[in-house]
Amino acid sequence: MHWPSLALAAAAAMILTGCSAGDDPPVPEEQAQQTAAGDSGTAQETPVADPPRVAEPEVTPPARTPVTTTAAVDEPWVATHTGTVNPGMSREEVVGVWGEPVAERMADGRMYLFYRNGCEVTCGTFDVVFLEGGQVVDAIVRARGHTYSGTSSSPAGSEGVPTPPAGQART
């Protein structure tokens, strides 16, 4: 019998006898009346044995597999759809130039189209096209073959600045 079955059987026995862990066993009604009335002369008090305790099995935690990490690296990639995205283009026009994005997100009425660029790790981002009201308003472009004719909020030569932890100012 496995330990979960034993534990279930022990719990059922305790429920049926009216005991819970650490309680004294129930006293037969006749003996309870004699004790309450103070009648100790006629009946002989027989000690009641504690119910047998079920030993809890020793639980061995599962073996932990050591976590191994590998450094993320850029995967070589060459754009198959190249061209220039212009401010004011629709999503369909962007897809016509660069193909289907690898991911697409919507937030607060804005649409974000994410494209591979071959430097996702070192650049820290995919190429991203930002649309508001269904029209391109900005783009972050790093891939060869992807160009943006507008003024990017993140030009290729800019260096990223880490965001400081909450409550600390940038130095």
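Couple of notes before you dig in:
- Picking from residues in segment 82-115 that are touching a residue at least 40 places away in the same chain (Cβ under 8 Å), out of contact with any strand residue (DSSP E or B) (no Cβ under 6 Å at 6 or more places or on another chain) and assigned to a loop (DSSP other than H, G, I, E, B), the one that is nearest to Glu132 (Cα to Cα) is Ser90.
- Candidate set from segment 116-157 (those that are in contact with a strand residue (DSSP E or B) (Cβ under 8 Å, 6 or more places away or on another chain) and hydroxyl-bearing (Ser, Thr, Tyr)); member that is farthest from Ala71 (Cα to Cα): Ser149
- Looking only at segment 131-156, residues that are of a type in the set (Ser, Thr, Tyr) and in contact (Cβ under 8 Å) with a residue 40 or more places away in the chain come to 3 in all.
- Being at pLDDT below 80, touching a Pro at 6+ places or on another chain (Cβ under 9 Å) and part of a loop (DSSP other than H, G, I, E, B) is a property that Ala49 has.
- Val73 exposed (fewer than 11 other Cβ atoms within 10 Å of the Cβ), in a loop (DSSP other than H, G, I, E, B) and modelled with pLDDT of 80 or more: yes
- All positions within segment 116-137 that are on the phi < 0 side of the Ramachandran plot and assigned to a loop (DSSP other than H, G, I, E, B): Arg116, Asn117, Cys119, Thr125, Phe126
The values are calculated or read from the model by the stated rules, or taken from the named source; none is laboratory data. Worth saying up front: this structure is predicted, and the values here are computed from it rather than measured. Every residue, glycine among them, receives a Cβ derived from its backbone with ideal geometry; neighbour counts consider all protein chains shown.
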